[in-house]
1. Distance between Cα centroids, segment A:261-302 to segment A:195-245: provide it in whole Å.
2. Using alpha carbons only, how many angstrom separate the centre of segment B:335-385 from the centre of segment B:204-254?
3. Distance in nm between label sites at A:E256 and B:S121, each 7 Å beyond Cα in the beta-carbon direction?
4. What residues have an amide H closer than 5 Å to that of A:H446, excluding those fewer than 5 places away on the same chain, when H is modeled at 1.01 Å from N in the peptide plane?
5. Amide H of A:C310: which non-local residues (sequence gap of 5 or more, or other chain) have their own amide H closer than 5 Å, using H built in the peptide plane?
6. Taking H as built 1.01 Å from N, whose amide H comes closer than 5 Å to the amide H of A:G396, not counting residues under 5 places away?
7. For a quick check of your reading of the filter: which trypsin sites (Lys or Arg not before Pro) in segment B:302-356 sit in a DSSP loop and have no more than 11 other Cβ atoms within 10 Å?
8. With θ set to phi - 60°, apply the Karplus curve 6.51 cos²θ - 1.76 cosθ + 1.60 along segment B:16-28 and write out the HN-Hα couplings as whole Hz, x wherever there is a Gly or Pro.
Amino acid sequence: PPREEGSPAPVAGWGEHGQVLEGSPGRRQVQPAFVPSRGAAGERWEAADAAAVPVLLPSAGCWFPSPTPQDIVYRSRACRKLRAGKSGATLDFAKQLGHFFVDHPEDAFGSLGRLLHKNFYLGNSKLKVTVSRNSTIRMTTLMEDIDRLEGRRGCPRQHLASRLRWFSHLCRDWLFEVPLGLLADCLHEELMQQWSSLLFDDSLTGGALAWLPLEDGGTPVGRLVHPGGQAMNHLYFQDVVLEELPRARGSPQQFELSGRVRQVAAARVDGQDFVGVRSDYHCGVWRVPGKTGAAPTPLQVIRTDMPASCLTVSPHLPGELSVCTQSGTIYLWSVETGLQQLRHDPQTMFFRDYSPWRWSDFTAHPRVLSCADRTGLQCLDARAPKRCHFDLFKVGEEAGCQQGERVVLPMYLGRAHPSQYLVTTQFSVYVLDERLPLVPVLKWAHMMKAPPLFAHLMPGKPGRNHKVLLGASRTQELLLLQYRVSFWGVSSGGSQSACQLAGTPQELHSIAGCLQHLPTQLPHRHHLLQQRLTAPAAGLAATLQEDGLHKSMLVFQLSEAGDVFCQRLTHKAAQPPAPPPRDEATTAPGSSPLFEAPDSSPQGLGTAALRYRHWLRAFSRACREPPRHTWLPSLSQRRLFTQRDLKGPAGPSSLQRQMRQRLRQTMQEGGRIQRWEPLALQPPPLPQTLEPAEGPDPLSTRLTAAWAGDWEQWWEERTSFSVAQRQRALRERRRRQKRAKGRRSLSASFTSSLTYQSELSELSDVGPQMLSPSRPPALSQEGSSPAGSPPRRSLWTSPAPEEALLSSQSLRCRGIPKERRKTLRDYLSVWAEGPPEPPEPLGSQASQLCIPSSQSQLSSA
Amino acid sequence: SSNEHKLNFKKSKEACLSYIQDALLQKQWKRAAEFLTCYVESLEKDYSREHIGPSEIIWRIGTEILWHHSQSCMKEFNCFMEQMKTLGVKRYLKVCLEHIFHLLCNGQIDEAYQNLSLAESWRFGEQTAIQDKEMKLIQAYRGLLDYYSWSKQKNILLENGEDGFSDLAVEQEMHGYFRKAAVNLKEIIKIPGVWDIFVKCYVDLLEFYGDHNEARQVLNEYAYNSKFPANPNAHVYLYQFLKRQGESKKSLISALKILHDIVPSHELMIDFNTMLQKSKKRKKRRLGLEVIFTGLDYAGWKENAKAWSCLARQVKQIVISEKHLDWIKHEWNSRKDWWPAFHFSRYLAKRNWQENKSLSYEKALVAGILLGKDCKYFKYVSHQGCKAQLKRFRMLKKFMNRHSLVYLRISG
């Protein structure tokens, strides 16, 4: 991107004539006459509406907003420095890598998965005895191990999940190392690229919007060529009728392309329009007959190895284009004869600049092409490109360039004057004449906040002003300039033209400018709308329309979201003493003349307002669609989990039922629920503090004692008291811990053993160390008995008849084997005896409740 | 704190400036003027080290507003400019120049002259390179105005001279103007640049006083010094000077040859072609053909009927004489792949016929010779011409029938 060392001065273009030109020539004249090179009277063009108006309805699909600085930079503060160029903006690499892992697991880990494919078995069935059996791990088992790990949290023997330990030991060294280094490089590169394209995206240079006027009897008709679709990879040719506001006619001709459309260039030769379309690696050309109803014909497509940075269509010869790629190659592309390479030079022309951006355009001579990089422009003769060339523009002293100034967009002004050229930089706009190279015939500081990437010429009739529109991408700025070629020189035959900037530059409505006129929206809708409307501009087109005395100009602007907005400017005949224009008072921010009912309109609202209504409605409909980008990973779980694993509990659990009931009850009573434990559980006592809870805090008691004079006694009391207190507390805590430990290890082994039961046979090959010694072997044998063991949750839900539960009778009828009855009784007695430990044990209970495998197995076994 | 205050001040200053900018870009001069009166406060604490400080901003914006504001008058403008001149020493000369330009454009030549004299006498320490150039420009413009005064006196004298009456005082005054103008104009044209207006005036002065050698030297320097930009006007001035001096055809041709090398599409190339065609030398006639072919390569010449008739005449001559067909062949060789589409398409035949019949006649003649009588352009035009019963088109058809095989020899 052009570095912005001296940031563009906001006022550099005002108040300067620059030089004077000799006015009406003639030596005979007594009084010499001069005209200013800037400041001459221009035509008056006034906006017809208060804001730009949508031409087409928003497409139905979802739109992906392009990244903002906040997305890739650490602090949002850095975005203020965005214009400072080399500022120390820190890219948020870690966040992006994290996003990448989550959003593209397939890309992040897929290659590794493919590498390890042989050694991991994802099926659910048993491994067959094959050669590979010894080197293959069954993933189902591994996953279950991992799940079980959760249930074992806090268990001192946790490390004994040896299969996992084994796995992690084997993989620890390389599991993340292999892709990460490579991935990080790629990601970092991508981030840098995104950042630099945020600062300045030159791939959009030239703009992706074209207007082709059509000949159709009386009504003024034209054809808009613009990209659309979610990825901007569809090309549309839409017929548009120019009424008070342009209106789409019929459905557009549509072409699906294999890349995002970056640029649409068009030129008319011999009554036919040739439309060149550039995406990163493909360029195509269409021929559009200049009559209504005639369908565009695709002619040819070329593919480039490096991204193309420029595509221009010859205004002289049908089917000729020029193409530049980022490798520094310039081609003349003829549909009939193919590609001719004119130059290949990765280096810039006049001084070293790292930008790979290249541009090329046609000149007054159909065989001579201009080629440009950030440092200047040269003209090449296609018949002898190595020998015949001359410098047209050079960033440097001759043109009076500023430090850090770089070429942004060159454009051939052939339709206004056959030998003139427009060159824009981030600071200034120049008009050059190829007959007097290097010295601009017009220079003006345009004061735009972002470099003008788009330009459109509307040639005026002889003797009238030519109009040039400049457009910036990020800020959506649109500037209308008028200039005229005035003859500086005396005798006929010897005139060298110089240019005059006529009138003052005029800022036109940007797309985002309509926001303030729109009806108030809900905050999130407003945000969406704002995001949509402030999307960077992606193209610019305009047309002059003349019917009788009324002249008007229609300016189309395309946004990256694919929206095409339009504004009409009407020409006001020059009245020498200009009456105070209406704009002085009315267009204060906040007022919305757009939605006020104009007197003339019988419907109550203007066409513009109606157009907005439709657009907003379609936009909100498009927004309401579920966002498609949050696609779920299409990995099948069925291979990893058993059918039973996946089956959730049917209906609300009894616990849930109980809770609901309690809630309802409390609501009826008008009381409140302090804790969400089941009723059976007594609210646990508050954890005891080591300090006595009663009385004021120790500091104030101490101070009171000291004030009273018996501080010493207070100390005595305190020490003795606190020692006793602390001892008691410690004892209590140890007891509680002991109790908890016993219970927890029991419950853990309980669940784990239960989950093991179904696959115990499969585990046989793992080795004896897998069998936890804490687990009584008896249970593992007995557990598989299908005697409808009660759902485990019944322990929680109906604990009231404790005696009944604990009686061997009831235990037997629940299918608990004899050997386990004592253990269970012990366990339950502990449970019933004391309140559960707050708060950590509660968490573990909750986690037990949530283990799906043990639950479902218990209930279904 | 003061720092915070400073920051707030800076912020409101920036906001104010952006309001002014918005107003200017929307041509709301009154609103801009109101904001500018607030912005003037920023001069009080001008600590900025920015590229363009508040005083320059006020100068630029104020000037712009005064240019366009419906209620501004010249007196006010002059007053404002005088104030602005005192605001910055470094900018003094630039503001002076701009003021003078404005006076010139408004026809106030005398006021401009006074201002120029004032600015010329201004001295302030060491001058920077830019100021040096600005001073030279101021002197040059004064020289230019002196030249106009001289020219006025000269005209009076000439008119009086016709009556056989001469006024010594007027003559004296005229010579005074000459001296003042010559000194200043001579200086500016030494610096590399585009000084067309100054060069022209200086040469006029020199020629009047008969100093042709100096004039020739000045023009040669202006045209051929490689430090100067390749300015086609310089060659035009030299050519016109040589013509006035009655120089030989040879030197005129060599001057135009150089112009041809720089700008092959220059309007003078038609004169050049005519001059070459009249020449007895074969080489020159061949160059003439090349010149006219090259000129017609350019998009700007596409509908230049004069150029087409030059080419048609010369090509017809060659075909009739049957000599030097190889010249045409040589020129045609590098053009035959694109001229048909560029000049001789059916679309253009239609349009040329509708817009300019004589252009289409000349072009049809050339097309017939170069591409044969079956080419689209010739066919369409001759058909239309015969239908309209125009005699020259019937003659054209006859001519082409007689020379129907020439195109094979040219393109073969």
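Throughout, read-outs are computed from the coordinates displayed, never taken from laboratory work. No experiment lies behind these values; they were computed from the predicted model shown. We place every Cβ from the backbone using ideal geometry, glycine too, and count neighbours over all the protein chains shown.
1. For segment A:261-302 versus segment A:195-245, the Cα centre distance is 12 Å.
2. First find each Cα centre; the distance between them is then 40 Å.
3. 8.2
4. It is A:S428, A:V429, by chain and number.
5. Amide H to amide H, under 5 Å and 5 or more residues apart or across chains, A:C310 pairs with A:C324.
6. A:C401
7. Working: sites: B:K302, B:K306, B:R313, B:K316, B:K323, B:K329, B:R335, B:K336, B:R346, B:K350, B:R351; in loops: B:K302, B:K323, B:R335, B:K336.
Taking segment B:302-356 and a limit of 11 other Cβ atoms within 10 Å, the loop trypsin sites (Lys or Arg not before Pro) found are B:K323.
8. For segment B:16-28, the Karplus curve yields 4, 4, 5, 5, 4, 4, 4, 4, 5, 5, 9, 6, 9 Hz.
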